Amino acid sequence: MLSSDTIKRLIPSSELTPEDWERKFPPRPLPAGAEVTRFAPSPTGYVHIGGILVSLISESVARQSGGVFILRVEDTDRDRFVEDAVDQIGRALEFFGIRPDEAGEKGSYGPYQQSHRQSIYDSYVVDFLKRDRAYPCFCTKEELAEMSKAQSAQGVATGYWGEWARCRNLAEATVIQRLDAGEPYVIRFRSPEFTDKRIRYVDLIRGPLEKEDNRNDVVIRKTTGLPTYHFAHPVDDHLMRVTIMIRADEWLSSIPLHLQLFEALGFPMPRYAHIAPLLKSEGKSRRKLSKRNDPEAAVDFYVRAGYPAEGVLVYLRGLANSRLLDGPPKEVLSAPLLLEDCSRGGQLVDIAKLDHVCREVIAEMAPEEVADRVLKWAEEFDPPLAELVRQDRQAIINALMIHQLPPTGPRKEIAKWSEFRDKAGFLVPAMFETVSDAADPRFAPVAAELVTQLAQRLADSYRHDVPADEWFAQIREAAVALGFAATAREYKNNPQLPGSIKEAANIVRVLVTGRTTSPELYPISRTLGEPEVLRRLRAVR
């Protein structure tokens, strides 16, 4: 066991004791059954959509029990720290309307950023050193790499344990000598002697678990003075009085170590709930959604594409609790997320399904709200579109109303704001590019000359303010006058004809909408108005 003087040389800054921190952060005055949960992301890159899933569940568990939901930034990995990542975390939560009760400067159990809590961790590391539950390690990266290589060659478990734990029993004189030499060091946890025993634990989602006990003397304090995640998380969760640690399943393998640390720290045993991973289909197999390979893993993917936040939330909630799959969006958004309903297996992220959900959500919005949401998105990601919305907001609203009116509506075409140009932009005169080439392949199989003739004939006799059946009749009249078959059956019996009313209607559709598929033409003509319809018909040459 090291002397007080040597411990002070190892950690000179520590003045307060664990008892001081216990008094500073007492148990929370909450009603019985209230849960305290946290979302604890690392600012080492973009925010993963799986992190939003974890935060949704954590927030719901706290809210439905009358408890507290915390945002804690775990930024002790300074080698992988990404500038602006902390701000990205805040923006991602704000986008999805996830509002922690405690975060940043708000709350009495902070700081809520681990890099600002070093003095707290040092108190507990010093306590470990005093009780011989930790020790300094001077092994270099090169030595550790050689050790791992030798372990692999011998077919034994890699790690710092047993005979491989070279610094575990250094004499104090040797420690002092190496400190005098200025050698860098870390502090390692002195794990209990390994006895091949297995530990049993009950996860709140996965149920009873059994794993081999931890044998490694893991690093708990780095050469920088900052703690590792393994050590910081028990200290933080205990002092913040977190009651359920909801986290990704990648930490399942660390349960034996974390239970050892909680026990060594003298804290009550933790309650964990490990969330199943989000998956991606790859051929006939599935794999974890990857930050490196899958753009849809990033929250920014959904923000840039313009998915409505509530649509993504409905989808994620369905992934979290399968009982909510395919439920009405409003009910899904208000339903509690229960740990007992969370899946134990991975959930597939299906963008086609997400699009379907978001189309349902947008279809329930008023055109005025959609216009406002399109503008807000476009101001950041499509400035020209934003300018068009500002110049003629009513035209945008009119374009959206086509999806609400009979016989068209409610038409569910738009899944994200970036689709507005393609799905509804043709209804906005300033956004529409007229079709002027009669040989455009969209008119196939009709010859260019007939395309021009039909457009001119219809424009010259065009009647706008008539009922729907009369409006369509004028297209048939113009087509039949030019030799088109009046029906598909007639065209089938006379294939030498230039086409049927179907091909003629397609010509009008392409001229008026720029598309070969669209909502019903009659309500489109009501939205555009007579001058605009005629302008589009007369554009072709």
Task: Top-ranked residue in the stretch 199-228 [being among the charged types (D, E, K, R) and within 17 Å of Phe128 (Cβ to Cβ); ranked as least open to solvent (accessible area, probe 1.4 Å)] - done: Asp217
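Residue-wise test of (1) of a type in the set (Ser, Thr, Tyr); (2) in a loop (DSSP other than H, G, I, E, B); (3) within 28 Å of Gly107 (Cα to Cα).
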| site | (1), (2), (3) |
| --- | --- |
| His233 | no, no, yes |
| Asp236 | no, no, yes |
| Val242 | no, yes, yes |
| Ser254 | yes, no, no |
| Leu257 | no, no, no |
| Glu263 | no, no, yes |
| Pro270 | no, yes, yes |
TODO: Mind counting the residues in the stretch 195-214 that are touching a helix residue (DSSP H, G or I) at 6+ places or on another chain (Cβ under 7 Å), assigned to a loop (DSSP other than H, G, I, E, B) and within 30 Å of Leu144 (Cβ to Cβ)?
DONE: 2
- [ ] Would you check which residues across the stretch 454-480 are part of a helix (DSSP H, G or I) and either among the acidic types (Asp, Glu) or out of contact with any helix residue (DSSP H, G or I) (no Cβ under 9 Å at 6 or more places or on another chain) (or both) and list them?
- [x] Asp460, Asp469, Glu470, Ala473, Glu477
Open item on the list: Checking Asp196 against (1) farther than 29 Å from Asp79 by Cβ; (2) open to solvent by less than 40 Å² (accessible area, probe 1.4 Å), only one condition comes out false. Which one?
Closed with: (2)
Task: Residue match in the stretch 481-497 (condition: under 18 Å from Leu537 (Cα atoms), in a helix (DSSP H, G or I) and more than 49 Å from the chain's Cα centre (by Cα)) - done: yes
Open item on the list: Step by step: first the residues of the stretch 314-324, then only those that are under 19 Å from Lys280 (Cα atoms) and open to solvent by 20 Å² or more (accessible area, probe 1.4 Å), then the one that is modelled with the lowest pLDDT. Which residue is that?
Closed with: Ser322
Task: Among the residues listed as Val428, Val374, the single one being under 22 Å from Lys330 (Cα atoms) and surrounded by 17 or more Cβ atoms within 10 Å (Cβ to Cβ) - done: Val374
TODO: Look through the stretch 226-256, keep the residues that are among the hydrophobic types (A, V, I, L, M, F, W, C) and free of Cβ contacts under 8 Å to residues at least 60 places away in the same chain, and return whichever of them is farthest from Ser55 (Cα to Cα).
DONE: Ile255
Open item on the list: It is to be established whether one or more residues within the stretch 126-138 are in contact with a strand residue (DSSP E or B) (Cβ under 8 Å, 6 or more places away or on another chain) and over 30 Å from Leu179 (Cα atoms).
Closed with: no
TODO: For Leu259, indicate whether it is out of contact with any Asp or Glu (no Cβ under 7 Å at 6 or more places or on another chain), under 25 Å from Gly51 (Cβ atoms) and open to solvent by 20 Å² or more (accessible area, probe 1.4 Å).
DONE: yes
Open item on the list: I need the full set of residues from the stretch 155-169 which are in a loop (DSSP other than H, G, I, E, B) and either of a type in the set (Phe, Trp, Tyr) or open to solvent by less than 60 Å² (accessible area, probe 1.4 Å) (or both), in order please.
Closed with: Val156, Ala157, Gly159, Tyr160, Trp161, Ala165, Cys167, Arg168
Task: Condition met for Glu387 (open to solvent by 20 Å² or more (accessible area, probe 1.4 Å), under 25 Å from Val314 (Cβ atoms) and out of contact with any strand residue (DSSP E or B) (no Cβ under 7 Å at 6 or more places or on another chain)) - done: no
Task: Residue in the stretch 525-536 that is open to solvent by less than 30 Å² (accessible area, probe 1.4 Å) and basic (Lys, Arg) present - done: yes
- [ ] Among what's in the stretch 286-303 and is part of a helix (DSSP H, G or I) and of a type in the set (A, V, I, L, M), pick the residue that is most open to solvent (accessible area, probe 1.4 Å).
- [x] Val303
- [ ] For residues that are open to solvent by 20 Å² or more (accessible area, probe 1.4 Å) and within 24 Å of Tyr124 (Cβ to Cβ), scanning just the stretch 241-256, find the one that is nearest to the chain's Cα centre (by Cα).
- [x] Trp251
TODO: Would you mind finding the one in Gly306, Gly346, Gly283, Gly327 that is open to solvent by 20 Å² or more (accessible area, probe 1.4 Å), of a type outside the set (D, E, K, R) and at positive phi?
DONE: Gly283
TODO: Collect the residues in the stretch 363-380 that are outside any helix (DSSP H, G or I) and touching a Phe, Trp or Tyr at 6+ places or on another chain (Cβ under 7 Å), keeping them in residue-number order.
DONE: none
Task: Conditions (1) closer than 19 Å to Val533 by Cβ; (2) open to solvent by 30 Å² or more (accessible area, probe 1.4 Å); (3) at pLDDT 95 or above: number failed by Phe443 - done: (2)
Task: Check on Trp377, in contact (Cβ under 8 Å) with a residue 60 or more places away in the chain and in contact with a Ser or Thr (Cβ under 8 Å, 6 or more places away or on another chain) - done: yes
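The values are calculated or read from the model by the stated rules, or taken from the named source; none is laboratory data. Since the structure is predicted, the reported quantities are computational estimates derived from the model, not experimental observations. Here Cβ is always computed from backbone atoms with ideal geometry, including for glycine, and neighbour counts include all displayed protein chains. Note: areas computed on protein heavy atoms with side chains; ligands, DNA, RNA excluded. Shrake-Rupley method; radii C 1.70, N 1.55, O 1.52, S 1.80 Å.
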